[in-house]
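First up is the structure itself, then whatever we jot down about it.
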Amino acid sequence: MADVREVQYGAIMLSLDQNLGAYGIGGGKPLCASLPDDAPKVPPRANGWGALLFGGAPDCETGYLSATWDMFGNVYKEAGVTDNTVPASDGLDTSILEGLVADGINKAYTSNAWIGRVGL
């Protein structure tokens, strides 16, 4: 229970635009580039994962989700949690988000309100 609460403490609800940014769809912005004004900010000297884990690519870029998926799959395989990995291209389905963009929902619904964190 303590581990789950600790993970949830840092979790935030992504807006539609941030979800689009994670997938690299429809001009969405990644979470780190579109935090709500009242959300806690990352310390200015914080190092991202990109320099160590994504071949030097920034981890605050549009479309980061596929690289993150693949990286965690490899970590779980190396740790013995799973025997094989599923590439992001097989495990992630963008059809719902692409449909929302096609319908213009991302232009009509732009909420990015901070909803808080689960307490420890």
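The values are calculated or read from the model by the stated rules, or taken from the named source; none is laboratory data. Keep in mind that this is a model prediction, so the values were computed, not measured. A quick note on method: Cβ atoms are made from the backbone with ideal geometry, for glycine too, and the neighbour counts reach across all protein chains shown.
Observations on the structure shown:
- For region 76-89, a tally of residues being part of a helix (DSSP H, G or I) and over 17 Å from residue 24 (Cβ atoms) returns 3.
- When the residues of region 17-36 are filtered to those that are within 11 Å of residue 60 (Cα to Cα) and in contact with a Gly (Cβ under 6 Å, 6 or more places away or on another chain), the one that is modelled with the highest pLDDT is 21.
- With respect to (1) under 17 Å from the mean Cα position of the chain (by Cα); (2) modelled with pLDDT of 75 or more; (3) surrounded by 16 or more Cβ atoms within 10 Å (Cβ to Cβ), the lone exception for residue 54 is condition (2).
- Remark: pairs (first residue in region 85-114, within 18 Å of residue 69 (Cα to Cα) and of a type in the set (Ser, Thr, Tyr); second residue modelled with pLDDT of 90 or more and not in a helix (DSSP H, G or I); Cβ separation under 8 Å; 6+ apart in sequence or on different chains) = 94/25.
- Residue within region 58-73 that is over 26 Å from residue 108 (Cβ atoms), surrounded by 10 or more Cβ atoms within 10 Å (Cβ to Cβ) and modelled with pLDDT under 65 present: yes
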